[in-house]
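Below: the structure, in structure tokens.
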Amino acid sequence: MPRPISGELRLEVLTAFDDNQIKRLYDASIQRSQAGRHDNLLKRLRFYVLHQLAVHAIRKFPNLNIAECGCWWGHSTQILAGIANAQPGFNGQLHVFDSFEGLSEFKQQDHSELKSTPELKEAARRNFRSDMEHVAAHLSNFPFVKIHQGWIPSRFDDVKDDRFSLATIDVDLYEPTRDSLRFFYPRLQSGGCMYFDDYGYNTYPGAKLAVQEFLQNETPAFFLELPTGAAILIK
């Protein structure tokens with residue numbers, strides 16, 4: 001897991017967010033979805049990349065859909081919806097998939113010394129519980145957002161005939177990351193983008209393993225691992 005940025009370097013990095021559209025949307029979204037909680041510099045840097053990736057994908061393919069696998073309290077969903085709503089000509093839908101019951105079961109591929117006991121794993125699972133009605137209420141101004149409640153991949157068939165410009169995967173564990181990739185990569189438009197929020201975090205090694213295994217049989221046009229813990233690809 002990347003070390004937190006501190007000191008003068010941290011102050012210099014933060015200035016990149018001052019007085020610009022990305023920072024304003026980030027701040028408004030975290031207040032609306034999470035009352036400002038769960039904010040940190042690494043998250044801001046990851047979402048700085050996500051914002052630009054989403055703008056690129058939506059502008060390039062305004063008639064295609066967006067998929068979000070894992071939304072928690074809807075911070076990233078608010079950002080994606082805000083970007084889509086601001087793009088002239090956007091005619092797709094934002095499909096959100098989450099159980100709202102926390103993480104699924106840890107498998108062997110998810111073993112980490114930082115989550116080494118059943119008690120720690122259960123605490124992590126509980127930590128990622130959220131409330132679907134709360135998330136939906138704060139997205140009610142965006143009629144193109146469709147929430148599919150259920151464990152991944154149980155609701156994926158809802159969109160089996162759709163095409164996507166962007167798919168974000170933030171489900172932490174091996175099996176849901178693997179299943180999300182298997183489903184959405186074939187339905188991703190050539191030139192479309194995927195974003196993996198937890199690719200580089202040692203606390204959840206299964207997420208990276210699932211991506212690495214999948215890419216043994218697929219060759220995207222571009223793949224980049226970021227020092228903030230995320231990764232992106234362009235098909």
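The values are calculated or read from the model by the stated rules, or taken from the named source; none is laboratory data. Here the structure is a predicted model, which is why all the values come from computation and not from measurement. Cβ placement follows ideal geometry from the backbone for every residue including glycine, while neighbour counts extend to all protein chains displayed.
Tabulated results
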item	result
Leading residue by the ranking (nearest to PHE106 (Cα to Cα)) among those in the range 194-223 that are in a strand (DSSP E or B) and in contact with a helix residue (DSSP H, G or I) (Cβ under 9 Å, 6 or more places away or on another chain)	PHE196
Residue count for the range 206-235, restricted to those that are closer than 15 Å to PRO176 by Cα and either at pLDDT below 95 or buried (at least 21 other Cβ atoms within 10 Å of the Cβ) (or both)	5
Yes/no for GLN78 being closer than 13 Å to PHE142 by Cβ, touching a Ser or Thr at 6+ places or on another chain (Cβ under 6 Å), surrounded by 17 or more Cβ atoms within 10 Å (Cβ to Cβ) and in contact (Cβ under 8 Å) with a residue 40 or more places away in the chain	yes
Test result for PHE90, outside any helix (DSSP H, G or I) and either in contact (Cβ under 8 Å) with a residue 12 or more places away in the chain or more than 16 Å from the chain's Cα centre (by Cα) (or both)	yes
Selection count where residues are in contact with an Asp or Glu (Cβ under 9 Å, 6 or more places away or on another chain) and over 15 Å from GLY92 (Cα atoms), scope the range 138-169	9
Failed item in (1) among the aliphatic types (A, V, I, L, M); (2) surrounded by fewer than 23 Cβ atoms within 10 Å (Cβ to Cβ); (3) under 28 Å from ARG32 (Cα atoms), with ALA167 passing the rest	(2)
Subset of the range 184-205 that is out of contact with any strand residue (DSSP E or B) (no Cβ under 8 Å at 6 or more places or on another chain) and surrounded by fewer than 20 Cβ atoms within 10 Å (Cβ to Cβ) - its residue that is nearest to GLY150 (Cα to Cα)	PRO186
Residue in the range 149-160 that is of a type in the set (Val, Ile, Thr) and surrounded by fewer than 23 Cβ atoms within 10 Å (Cβ to Cβ) present	yes
Contacts under 6 angstrom Cβ, first residue in the range 131-146 being without any contact (Cβ under 8 Å) to a residue 24 or more places away in the chain, partner buried (at least 17 other Cβ atoms within 10 Å of the Cβ), 6 or more apart	ALA136/ILE147
Hits in the range 124-148 - residues which are surrounded by 13 or more Cβ atoms within 10 Å (Cβ to Cβ), closer than 14 Å to VAL96 by Cβ and either of a type outside the set (Gly, Ala, Ser) or touching a Lys or Arg at 6+ places or on another chain (Cβ under 9 Å) (or both)	MET132, HIS134, VAL135, HIS138, LEU139, PHE142, PHE144, VAL145, LYS146, ILE147, HIS148
Hits in the range 93-105 - residues which are among the acidic types (Asp, Glu) and over 13 Å from the mean Cα position of the chain (by Cα)	GLU101, GLU105
